[in-house]
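Reading through the structure tokens given below for one structure.
The values are calculated or read from the model by the stated rules, or taken from the named source; none is laboratory data. For clarity, every value in this text was computed on a predicted model and none was experimentally measured. Because the Cβ atoms are built from the backbone with ideal geometry, glycine has one as well, and the counts that use them run over all protein chains shown.
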Amino acid sequence: MNEPVASDTYAAQVRRLAELTGRVRSQRAEAQAWHDQQCAAADRAVAEAAEQLRRAEAEVAEARAMVDRVDAEVGHLWAELRGRVGLGARRLGPPPGPARDATGDPVASLRGVRDLLDRAGQPGELPGSTNPLLALCGVAGALFAYALGAGARALGVRYGGDLAAGMPVLALVVTLLGPLVGLAPAKRLADRRHALLGPRPAAIVLVAGLATTVALLVATR
């Protein structure tokens, strides 16, 4: 009567062992799958972190290169500004550093500064306040040319001969060039004021010189 009980117990134990073995195998498979998933996720995380680090390093290198270019351009523009200021350049001091709250594209800002310096460096036309000086240049040129012509005529009268015939012609030519002579001091005036002797200033000189020449010729007829 005991043998069937023992057989049943053994069979039950075998079945239980088989069930436990299957459960362990299943749990082991689940653990392996979980481990594989975690390793794959960790690998992806490491790859993403490495890619982010690579991009960050590239951005840092680009930003450093941009800073170097901006600093070099700032130094160049500052040196150019000091050269144009001249004796007052000492008061400018060193180039300014970056502003803490600065925003926007520094390249566009530097381009604007460059355009401003270029426009500031281009000489403009003489202002209207110099019109009396320009007219005076025309008058002075006409007087100077007339004086040279008078001297030429005097030489012709003094030495006679061919000079007596040629010098009056030469004197007339020199006198008529009087309005143009005034352009020389007018050009020097414009250069001293870092301006251009444009059409308007030149016309003032020529008109004043021509009026003076005509007045002198009429007065000495």
Fill in the blank from the handout: In the stretch 129-152, anything free of Cβ contacts under 8 Å to residues at least 12 places away in the same chain and either under 18 Å from A202 (Cβ atoms) or surrounded by 18 or more Cβ atoms within 10 Å (Cβ to Cβ) (or both) is listed as S129, P132
Fill in the blank from the handout: Given the conditions (1) part of a helix (DSSP H, G or I); (2) aliphatic (A, V, I, L, M); (3) modelled with pLDDT under 70, every one holds for A99 apart from (1)
Problem - Only one of A40, A6 that is in a helix (DSSP H, G or I) and at pLDDT 80 or above - result: A40
Exercise for the section: Would you please name the residue that is modelled with the lowest pLDDT, looking only at residues in the stretch 157-184 that are surrounded by 17 or more Cβ atoms within 10 Å (Cβ to Cβ) and farther than 17 Å from V139 by Cα? Expected result: M167
Practice task
Scan the stretch 191-206 for residues that are touching a helix residue (DSSP H, G or I) at 6+ places or on another chain (Cβ under 7 Å), in contact (Cβ under 8 Å) with a residue 40 or more places away in the chain and either part of a helix (DSSP H, G or I) or closer than 11 Å to V139 by Cβ (or both) and jot them down.
Solution key: P201, I204, V205, L206
